[in-house]
Amino acid sequence: GGGQTRTEPYKNTSIVNVPGKGNVIRTTLAANQYGSSYGAVLFPDLERSVDQACMSYDIRFTGPQGFDFDLGGKLPGLEGVRPGVAPGVPAGGAFPRSDGWSSRGMWLGPDAYSWAKPAGYGVSLLYHIDQEDIYGDNLRWNTSYVNGQWHRVKHCERMNTPGQSNGYERAFLDGRLVYNDPTVQFRTRDDVHITHIMWSLFRGGGDSSWAAPTEGWVDIDNVLVSEKANIEPTVNL
């Protein structure tokens with residue numbers, strides 16, 4: 001599943017029973033390791049291509065010794081690619097921006113960016129037509145995840161009219177709107193839509209400084225992708 005025909009991408013993923021929560025998806029992030037080989041990267045197709053959707057899930061950072069947020073890492077989100085383009089294209093650096101877009105979650109720490117305080121600082125990592133950084137833009141939430149605590153995350157996108165900067169990018173944490181931009185240019189072509197989940201869970205970052213000294217667990221539950229979800233902000237920033 002998840003666009004994969006090999007078991008290797010699932011080696012760090014398990015289903016565990018959490019008291020009071022039931023079965024959850026756990027991704028184990030090994031000590032002293034970083035990058036997508038030491039987590040999970042999958043691209044499940046959506047049932048159909050759409051131009052508006054929200055992805056929501058419960059998430060908890062924990063581990064045998066708690067969770068060391070360290071520099072940061074990637075979290076799930078949504079993406080879209082034009083027909084014939086691999087879903088992994090709009091990530092990882094330079095790519096033809098007309099081929100697609102992606103918006104993943106991320107957590108960061110102050111050793112990665114001085115403004116990412118306290119550790120576990122939430123952002124949306126957006127690859128889009130007008131991005132300023134080759135590795136996507138960090139859209140700051142101005143709030144952080146709490147070690148060991150369950151949070152509810154929701155990412156919402158609405159595609160722009162091709163050639164216009166009128167797309168919506170929004171993020172909610174625990175029901176509170178933490179990012180809102182109605183001027184995004186996701187696409188220049190009318191055959192680019194919302195097409196895949198980007199199931200992205202790993203530490204990194206591009207070098208070993210993103211590794212942490214202890215094993216960590218990222219638990220996820222109650223995943224929902226909905227075309228009908230209300231993406232309009234109900235709570236002010």
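The values are calculated or read from the model by the stated rules, or taken from the named source; none is laboratory data. In this text, all values refer to a predicted model and were calculated from it rather than measured experimentally. Don't worry about glycine lacking a Cβ; one is built from the backbone with ideal geometry, like all the others, and counts go over all protein chains shown. Ligands, DNA and RNA are stripped out before the accessible areas are found, and what is left, the full protein with its side chains, is counted by its heavy atoms. Shrake-Rupley method; radii C 1.70, N 1.55, O 1.52, S 1.80 Å.
Worth pointing out:
- Qualifying residue in the stretch 162-170 (condition: touching a helix residue (DSSP H, G or I) at 6+ places or on another chain (Cβ under 9 Å) and farther than 22 Å from MET55 by Cα): no
- Verdict on HIS193 being closer than 17 Å to MET55 by Cβ, at pLDDT 95 or above, open to solvent by less than 40 Å² (accessible area, probe 1.4 Å) and out of contact with any His (no Cβ under 7 Å at 6 or more places or on another chain): no
- Tabulated pairs, the stretch 80-99, first assigned to a loop (DSSP other than H, G, I, E, B), second of a type in the set (S, T, N, Q), C-beta under 7 angstrom, 6+ apart or interchain: PRO90/SER102; ALA91/SER102
- Check on ASP221, assigned to a strand (DSSP E or B), open to solvent by 10 Å² or more (accessible area, probe 1.4 Å) and among the acidic types (Asp, Glu): yes
- Within the stretch 101-126, the set of residues being under 17 Å from ALA53 (Cα atoms), touching a Phe, Trp or Tyr at 6+ places or on another chain (Cβ under 8 Å) and not aliphatic (A, V, I, L, M) comprises TRP101, SER102, SER103, SER124.
- Hits in the stretch 178-213 - residues which are in contact with an Asp or Glu (Cβ under 7 Å, 6 or more places away or on another chain), in a strand (DSSP E or B) and hydrophobic (A, V, I, L, M, F, W, C): VAL184, ILE194, MET198
- Only one of the listed residues (ALA31, ALA119, ALA112, ALA40) is in contact with a Pro (Cβ under 8 Å, 6 or more places away or on another chain), in contact (Cβ under 8 Å) with a residue 60 or more places away in the chain and open to solvent by 10 Å² or more (accessible area, probe 1.4 Å). That residue is ALA31.
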